Amino acid sequence: MTGAPAWRGIARRLSAGAEIRLILVGGRWDREQRLFAGGATLSIVSRYRVDIAILGACALHAELGLSASQEADADVKRAMLAASAEHWLVADHTKVNHCEPWLVAGLSDIHHLFLDRPWPELGDDPALSVHIADA
């Protein structure tokens, strides 16, 4: 093994804040997509109500919204959105202006969008707070 999975590093950083109570769910680990999925994951997610769900994006389209390349990934993302009050989405420029087969949500369901560069095709939606990372 060449190192810890990325989620461990993210969990370590997020859990450093005393005001943050971090909940990680398990289930079947998908090595290719680097995510937990399946019935066990969905069952665990359905038992919680959380303040913020932070999702990664497979594909983002200004009109078609957030989509996933695998059905199991889309199922988990939809369950996380349903269990949370705030919906945050993180994506880099390689994910925008693309669509995958499995619909997750429209952009109107996302509260904060974090990108690595501006996305001109997005337009100006006052309901969506867009954050561009400093270079």
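The residues of segment 93-135 that are more than 21 Å from residue 53 (Cβ to Cβ), at pLDDT 95 or above and either of a type in the set (A, V, I, L, M) or touching a helix residue (DSSP H, G or I) at 6+ places or on another chain (Cβ under 7 Å) (or both) amount to a single one, 97.
For the subset of segment 26-44 comprising residues that are in contact with a helix residue (DSSP H, G or I) (Cβ under 8 Å, 6 or more places away or on another chain) and among the aliphatic types (A, V, I, L, M), which member is farthest from residue 83 (Cα to Cα)?
Within segment 26-44, the first condition is being in contact with a helix residue (DSSP H, G or I) (Cβ under 8 Å, 6 or more places away or on another chain), and the residues that meet it are 26-28, 30, 33-38, 41-42.
With among the aliphatic types (A, V, I, L, M) added as a condition, the list becomes 35, 37, 42.
Details: 35: 18, 37: 16, 42: 11 Å.
Among those that are in contact with a helix residue (DSSP H, G or I) (Cβ under 8 Å, 6 or more places away or on another chain) and among the aliphatic types (A, V, I, L, M), it is 35.
Residues that are out of contact with any Ser or Thr (no Cβ under 9 Å at 6 or more places or on another chain), in a loop (DSSP other than H, G, I, E, B), open to solvent by 50 Å² or more (accessible area, probe 1.4 Å) and at pLDDT 90 or above within segment 15-69 comprise 47, 63, 64, listed in sequence order. From the residues in segment 92-103 that are more than 14 Å from the chain's Cα centre (by Cα) and either in a loop (DSSP other than H, G, I, E, B) or among the hydroxyl-bearing types (Ser, Thr, Tyr) (or both), which one is surrounded by the most Cβ atoms within 10 Å (Cβ to Cβ)? Ranking the candidates gives 100 first. Of all the criteria given as (1) open to solvent by less than 60 Å² (accessible area, probe 1.4 Å); (2) under 23 Å from residue 32 (Cα atoms); (3) assigned to a strand (DSSP E or B), the one not satisfied by residue 72 is (3). When residue 82 is tested against (1) of a type in the set (A, V, I, L, M, F, W, C); (2) under 13 Å from the mean Cα position of the chain (by Cα); (3) open to solvent by less than 70 Å² (accessible area, probe 1.4 Å), just one condition goes unmet, and that condition is (3).
State all residues of segment 69-102 that are β-branched (Val, Ile, Thr) and out of contact with any Phe, Trp or Tyr (no Cβ under 8 Å at 6 or more places or on another chain); if no residue qualifies, say none. First the steps, then the outcome.
Within segment 69-102, the first condition is being β-branched (Val, Ile, Thr), and the residues that meet it are 76, 90, 94, 96.
Hit for segment 69-102 is 94, nothing else.
Contact annotation: residue pairs with Cβ atoms under 6 Å, 6 or more positions apart or on different chains, pairing a residue in segment 104-123 that is surrounded by fewer than 18 Cβ atoms within 10 Å (Cβ to Cβ) with a partner that is of a type in the set (Ser, Thr, Tyr) and modelled with pLDDT under 95, are 112/129. Of the residues making up segment 73-102, those that are of a type in the set (Val, Ile, Thr) and closer than 26 Å to residue 43 by Cα are 76, 90.
The values are calculated or read from the model by the stated rules, or taken from the named source; none is laboratory data. Everything quoted here is computed from the prediction, not taken from an experiment. For neighbour counting, all protein chains shown are included, and Cβ atoms are generated from backbone atoms with ideal geometry for every residue, glycine included. Keep in mind that these areas ignore ligands, DNA and RNA; they rest on the heavy atoms of the full protein, side chains included. Shrake-Rupley method; radii C 1.70, N 1.55, O 1.52, S 1.80 Å.
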